[in-house]
Amino acid sequence: MSGDTLSDLLRAVRFRGAIFYHIDGIAPWVAETPKAREIIPAIMPGVDHMMEFHGVMQGACWAAITGESPIRLEAGDVILFPQGDSHVMSSAPGMRALDPDNRDIFYSPRPPQLPYALSMNEATVSPNCTDAGVDCATVICGFFGLDARPFNPLLASLPRVLRVPASLIGADSWVQTFMQTVMSESLTKRPGGEAVLERMSEVLFVEVLRRHADSLPGDQTGWLTGLRDPTVGRALSLLHERPSEPWTMELLSEGAGLSRSSLHERFVHFIGTPPMQYLAQWRMQLASGMLRDTNAKLIDVALDVGYESEAAFSRAFKRGGFRESCG
């Protein structure tokens with residue numbers, strides 16, 4: 001898997017993370033989160049797309065997209081809702097919040113320093129609550145924000161629910177240390193704690209993606225499995241490393257070590273679009289960032305992403321249907 005290509009993409013789509021809640025719950029407890037787009041203004045104002053994640057530190061609980069089959073989570077498991085679906089976390093399957101549309105908790109004034117420390121069912125949970133024979137769980141909850149437009153192939157390839165069990169994360173991972181750090185920071189509120197947790201949560205996302213990608217079957221398609229494929233991964237790496245080059249299928253196939261027809265077929269199989277179309281979309285994502293975040297002139301942006309003139313860039317922009325996304 002090309003880690004550099006993944007890093008390039010995450011930088012280009014303005015990926016960032018945040019830890020918001022450290023929840024202690026004694027059964028019966030339930031927490032319901034509305035669709036991500038409905039609470040973006042409260043959590044991460046200005047982001048295009050937001051996903052929530054949960055990590056179970058102690059005990060066990062259930063997670064489900066609202067109205068769908070629940071998934072049991074054990075200590076050490078991490079679950080993401082990449083497409084921003086409304087979902088439920090609870091002590092038992094099938095539970096719903098009394099007021100599922102209540103968004104007050106997300107719009108209430110923030111504490112002096114995140115994360116919120118919440119007790120569910122009005123109980124104080126001991127750090128060793130499972131040893132006391134109490135049905136309880138300690139869960140950390142956070143959010144990831146990123147661009148969905150004009151082009152984010154990673155987001156399009158992720159499922160609605162992504163659960164990574166503790167057994168897949170492995171004992172060699174620092175994820176457990178991360179969860180303990182969240183608990184420590186929520187209790188002590190040390191200076192710089194929010195920044196520490198933001199950076200750690202971003203690395204958590206990459207770690208979860210890598211473990212997820214490693215577990216995908218060989219016949220799976222999508223951007224992550226394309227990265228793992230030797231020839232498609234090499235082609236993606238070349239396009240990401242040098243997007244401004246005048247790429248042709250002949251040049252790209254030489255770099256990837258595969259014939260033009262074979263590379264085209266294999267690229268479409270995994271990624272879903274031909275290489276040159278992918279390149280055009282990737283260039284537009286880079287261009288949108290420059291136009292949004294800098295004072296660069298249009299001609300300079302066009303040249304930086306591989307177009308010989310402003311007119312050529314404008315034609316590609318219109319041909320790709322990016323007007324609403326970038327304009």
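The values are calculated or read from the model by the stated rules, or taken from the named source; none is laboratory data. This one's a predicted model, so the numbers in the text were calculated from it and none came from an experiment. Note: ideal-geometry Cβ built from the backbone for every residue, glycine included; neighbour counts use all protein chains shown.
List of remarks:
- Leading residue by the ranking (farthest from residue 282 (Cα to Cα)) among those in region 211-227 that are outside any helix (DSSP H, G or I) and in contact (Cβ under 8 Å) with a residue 40 or more places away in the chain: 221
- Residues satisfying the stated conditions in region 54-108, i.e. more than 24 Å from residue 156 (Cα to Cα) and charged (D, E, K, R): 72, 74, 96, 99, 101, 103, 104
- The residue list 158, 162, 187 contains one member that is in contact with a His (Cβ under 9 Å, 6 or more places away or on another chain), farther than 19 Å from residue 80 by Cβ and either outside the structural domain of residue 283 (by TED's automatic domain parsing) or modelled with pLDDT of 90 or more (or both), which is 187.
- Within region 231-327, helices (runs of 4 or more DSSP H) holding 2 or more residues that are over 25 Å from the mean Cα position of the chain (by Cα) and of a type in the set (Ser, Thr, Tyr): 260-271
- For residue 275, the test of being surrounded by fewer than 14 Cβ atoms within 10 Å (Cβ to Cβ) and touching a residue at least 40 places away in the same chain (Cβ under 8 Å) is failed.
- Criterion (among the aromatic types (Phe, Trp, Tyr), assigned by TED's automatic domain parsing to the domain that holds residue 28 and more than 23 Å from residue 180 (Cβ to Cβ)) met by exactly one of 53, 81: 81
- Top-ranked residue in region 132-155 [being crowded, with 16+ Cβ neighbours inside 10 Å and aliphatic (A, V, I, L, M); ranked as farthest from residue 85 (Cα to Cα)]: 137
- Any chance residue 202 is under 20 Å from residue 55 (Cα atoms), in contact (Cβ under 8 Å) with a residue 24 or more places away in the chain and of a type outside the set (Lys, Arg): yes
- A residue that is closer than 30 Å to residue 285 by Cβ, crowded, with 16+ Cβ neighbours inside 10 Å and modelled with pLDDT of 95 or more occurs somewhere in region 57-73.
- The strands (runs of 3 or more DSSP E) falling completely within region 48-103 that include 3 or more residues that are touching a helix residue (DSSP H, G or I) at 6+ places or on another chain (Cβ under 6 Å) map to 49-65.
- The set of residues in region 174-199 being surrounded by fewer than 18 Cβ atoms within 10 Å (Cβ to Cβ) and within 25 Å of residue 71 (Cα to Cα) consists of 174, 176, 177, 180.
- Taken as a whole, region 272-283 holds at least one residue that is under 21 Å from residue 219 (Cβ atoms) and β-branched (Val, Ile, Thr).
- Selection status of residue 287, closer than 23 Å to residue 47 by Cα, among the aliphatic types (A, V, I, L, M) and either touching a residue at least 24 places away in the same chain (Cβ under 8 Å) or out of contact with any Pro (no Cβ under 8 Å at 6 or more places or on another chain) (or both): yes
- Some residue of region 69-78 being over 18 Å from the mean Cα position of the chain (by Cα) and among the basic types (Lys, Arg): yes
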